[in-house]
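Nothing in this text is a laboratory measurement; each read-out follows from the coordinates by a stated rule. Only a predicted model underlies this, so the values are computations on that prediction, with no experimental measurement involved. Ideal geometry is used to build each Cβ from the backbone, glycine not excepted, and the neighbour counts take in all protein chains shown.
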Amino acid sequence: KYFTAALEGVRELGDRVDETTWLSNTGLLLTKLGRFEEARESLEHALRLDRELGNRATEASHMNNLALVFSNMDRKHDALRLYEQAYEIDKELGDEHGMASRLANMAGISRELGEQGDSLSMFEKSRDLYAKCGDRNSVAMQEGNIGIVYAAQGRKSKNQEELQKAIRQFKESKRLFAEVGANRHLNFETELAECLWLVGEVDEARLLLNDILDTAKDSQFAADQKHAEGAQKLLKEIDGNGTSD
C-alpha cells in the first residue's frame, strides 16, 4: 500500500524517472513476498519507461530484477535471456562491475539448467572482473561458486581430481571471506566437508561439520539453519560408515 500510494504521488508530479524507481522498488518488494506475477508487471512497466527515457543503466538494473522474477517463476531461459541483455548494456556502458554481476547470474542459471561447462566459464570470468574492480568479497563468492560446479562434476563422475579442485576452490573462498571480514558461508563449507569425505579426508570433514553446527547455533539466519541440517545429516552418514562407499 505504501509503495502504491507513493507511486501515485510521483505520477501526479509527472516525474517519470522517479516513477521507474518506485516501480522497480515495488517489483522487488513483491518478489520478496512471492507475488511474482505482480512483480513481473511492475518491473516490465519500469523497463518500458527506461526505454522511453533512454535510461540505459537503470534498464540493465531493472532487467536484472525482472530476470530474478522469471527465475522464481521457473522461466529459466527467459531469465537467462534478460541477464544476457543486461550484460550487453553494461558492456556498452563500460560498467565492469555490472558485467561481473550479470555473468555470475548467468552462470547460476546455466548451472540450474545443467550446463556446467558454460557455468564454470562464466563464474571464472565473473571472478576475474570482480578482482579487476577490487571487489574481494564477490571474488570470494565466485571462488565458492566455481567450487560448487567442480563438486557437482566430481560427485557425478566420482572423479577425484574434480573433487580436489572443488576442495581448493572452497578453501580459497573461505580464506578470502575471512580476509575481508565477511560472514562465513556455510553452504560452501558444507560442500567442502562433503568433498573432503569423498576423497577420504574423514577426520577433516568431521571436524569442519562440527564447526559448522557450532556456528549455526548462534546464527539467526534461516539459511544457516538449513545448512546446519545438511551438515548434521552428512555427519550422521559419515559416523555411520566412516567412508563415502
Spacing of the two label points (7 Å from each Cα toward its C-beta) at Asp239 and Leu207, in nm: 1.8
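If the only charges are +1 at each Lys and Arg Cβ and -1 at each Asp and Glu Cβ, what is the size of the charge dipole of region 95-180 around the Cα centre, to the nearest 20 debye? List each step's numbers first, then the result.
Values: 14 positive and 13 negative charges, 76 e Å.
Rounded to the nearest 20 debye, it is 360 debye.
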Under 28 Å from the Cα of Lys91 - lysines, other chains or at least 8 residues apart: Lys76, Lys125, Lys132
Alpha-carbon radius of gyration plus Dmax, which is the widest Cα pair, for the chain in Å: 20.8, 69
0 to 90° range, to nearest 10: angle between helix 16-32 axis and the chain longest Cα axis: 30
Dimensionless Rg ratio for region 157-242, taking C-alpha atoms and the 2.2 N^0.38 Å reference: 1.06
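Taking Cα pairs under 8 Å and at least six residues apart, what relative contact order does region 95-180 come out at, in percent? Let's see the in-between values first.
On the way: 108 pairs, mean separation 21.6, N = 86.
So the answer I get is 25 percent.
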Angle in degrees between helix 96-112 and the longest Cα principal axis of the chain, rounded to the nearest 10: 60
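Rounded to whole Å and ordered largest first, report the semi-axes of the equivalent ellipsoid of region 95-180 derived from its Cα gyration tensor (root of 5λ).
21, 16, 8
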Fully extended contour minus Cα-Cα distance, from Ser121 to Asn25, at 0.36 nm per residue: 31.4 nm
Under DSSP loop assignment and at most 13 Cβ neighbours within 10 Å, longest trypsin sites (Lys or Arg not before Pro)-free interval of the chain: 2-157
Of the chymotrypsin sites (Phe, Trp or Tyr not before Pro) in region 166-237, those whose Cβ has at most 11 other Cβ within 10 Å and which sit in DSSP loop: Phe221
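About its Cα centre, what dipole magnitude does region 157-245 give when the only charges are +1 on Lys and Arg Cβ and -1 on Asp and Glu Cβ, stated in debye to the nearest 20?
Values: 12 positive and 18 negative charges, 37 e Å.
The calculation lands at about 180 debye.
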Set of lysines near Lys233 by C-alpha distance (under 28 Å), chain-local residues within fewer than 8 positions excluded: Lys156, Lys158, Lys165, Lys171, Lys174, Lys217
Calculated Rg and Dmax of region 55-96 using C-alpha coordinates, Å: 10.2, 31
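How high is the relative contact order of the chain? Use alpha-carbon pairs under 8 Å, at least six apart in sequence, and give a whole percent.
Values: 314 pairs, mean separation 22.1, N = 245.
9 percent.
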